[in-house]
Amino acid sequence: VVCWTALFIAYAHNGNLKESKVIFDAIPEPDLVAWTSMLVVYAQNGYLSKARKIFGRMPQRDLVSWTAMLSAYARNGNLRESKLIFDDIPELDLPSWNAMLSAYSQNGHLEDAKRIFHMMPARNLSSCNAILSAYSQEGDVPNAKRCFDKMPQHCMVSWNAMLAAYARAGHLEDARIFFATFHETDLVSRNTMLVAFSQAGNIQEATRIFDDMPFWDSVSWSSMLFAYALNGHLDNAKEMYDRVPYRD
RNA sequence: AUUCGGGCGUUGU
């Protein structure tokens with residue numbers, strides 16, 4: 001059952017949802033991990049009702065599956081249901097607090113996110129990243145920066161979240177300067193800068209970022225495509241479209 | 001030892 005679970009998760013990561021489900025269905029007695037994994041596979045691909053169905057059919061549930069369902073609702077904009085689950089969980093652990101925190105953060109409820117952040121019994125890097133992202137979404141660069149500077153550790157997610165705060169607030173110059181201080185960049189950092197340049201109408205810089213990337217994901221492709229399209233370069237947009245190596 | 005089948009954090013339409 002362990003190998004089958006690993007296998008259907010791998011299929012899902014490659015975009016083969018149907019195959020993934022076929023494998024899951026072939027498992028004679030799926031255990032808690034298999035059920036939860038199937039739930040997450042659906043949730044992460046936007047199939048909330050299928051995820052909910054899996055959740056309802058699970059023979060047992062534990063803290064991990066409750067938290068997975070909480071996040072599934074949050075990711076799909078159903079904050080009320082997330083809160084109901086959160087209130088029903090008997091023993092909360094750090095990931096479940098974090099899940100509720102990011103549920104508020106992802107849905108633009110800064111005040112609730114702050115409340116949770118101060119209420120939780122312990123915090124880790126994910127908690128700090130989530131609250132930083134809440135400020136970022138609000139366009140509150142000063143508080144985002146204060147939060148970033150106060151954090152005991154940073155990782156790529158923290159750097160990228162701060163970069164996104166500058167970008168979203170339209171502080172392109174600050175974003176550019178901050179980006180230049182990165183010791184390493186990843187797909188997300190580059191995509192963020194690509195979009196920032198594109199939104200400022202600077203197609204040359206956006207293109208330069210795109211061309212310098214070692215690999216691309218669907219965000220890179222669609223961002224570059226829209227960068228051309230929204231700036232009137234329909235011919236280039238069309239060329240981009242034809243170059244996309246997959247459809248989704 | 002980030003001990004490797006599951007839940008929490010960052011980017012586009």
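Nothing in this text is a laboratory measurement; each read-out follows from the coordinates by a stated rule. Remember, predicted model here, so these are calculated numbers, not experimental data. Cβ atoms come from the backbone with ideal geometry, glycine included; neighbour counts cover every protein chain shown.
Using only Cα atoms and rounding to the nearest 10 degrees, what angle (0 to 90) does helix A:203-212 make with the longest principal axis of chain A?
60
Give me A:VAL244, A:VAL141, A:VAL1 ranked fewest to most by other Cβ atoms within 10 Å of their Cβ, as a rough exposure proxy.
If I rank by nearby Cβ atoms, fewest first, I get A:VAL1, A:VAL244, A:VAL141.
Angle, helix A:63-75 long axis vs. longest principal axis of chain A, Cα atoms, 0 to 90°, nearest 10?
40
With chain A treated as a Gaussian network of Cα nodes joined by springs under 10 Å, which of A:GLN137, A:GLN44, A:GLN106 yields the largest mean-square fluctuation?
Its mean-square fluctuation being the largest, the pick is A:GLN44.
Under a Cβ-Cβ cut-off of 12 Å, what is the net charge of the residues other than A:CYS147 that fall near it, where Lys and Arg count +1 and Asp and Glu count -1?
In short, +2.
Could you give each residue of the stretch A:38-46 its phi-based ³J(HN,Hα) in whole Hz, using Karplus coefficients 6.51, -1.76, 1.60 with θ = phi - 60°, and x for Gly or Pro?
5, 4, 5, 4, 5, 4, 6, 9, x
For chain A, what does the alpha-carbon gyration tensor say about shape, rounded, prolate or oblate, given a ≥ b ≥ c as the root eigenvalues, a/c under 1.5 as rounded, and a/b over b/c as prolate?
oblate
Tell me, which longest segment in chain A has none of the GluC sites (Glu not before Pro) that fall in DSSP loops with at most 13 further Cβ atoms within 10 Å?
Segment A:92-183 is the longest.
Within the stretch A:44-63, whose backbone N sits under 17 Å from a point 7 Å along Cα→Cβ of A:GLU91?
Backbone N within reach: A:61-63.
Search the structure for amide H atoms under 5 Å from the amide H of A:ASP140, placed 1.01 Å from N in the peptide plane, and list their residues when 5 or more places away or on another chain.
none
Springs between alpha-carbon atoms under 10 Å, Gaussian network over chain A: tell me which of A:LEU48, A:LEU39, A:LEU230 tops the mean-square fluctuations.
Ranking A:LEU48, A:LEU39, A:LEU230 by mean-square fluctuation puts A:LEU230 first.
Loop only by DSSP, 14 or fewer other Cβ within 10 Å of the Cβ. Give me the chymotrypsin sites (Phe, Trp or Tyr not before Pro) in the stretch A:188-246 that pass, ordered by residue number.
Hits after loop and neighbour filter: A:PHE215, A:TYR246.
What number of lysine-lysine pairs in chain A show an alpha-carbon separation below 26 angstrom, given a sequence spacing of 8 or more or placement on distinct chains?
For chain A, the number of qualifying lysine pairs is 9.
The stretch A:54-120 to the stretch A:175-200: how many Å between their Cα centroids?
The stretch A:54-120 and the stretch A:175-200 have Cα centres spaced 30 Å from each other.
Apply 1/(1 + (r/R0)^6) to the Cβ-Cβ distance of A:ASN231 and A:ASP186, taking R0 = 35 Å, and write down the FRET efficiency to the nearest 0.05.
Approximately 0.85, to the nearest 0.05.
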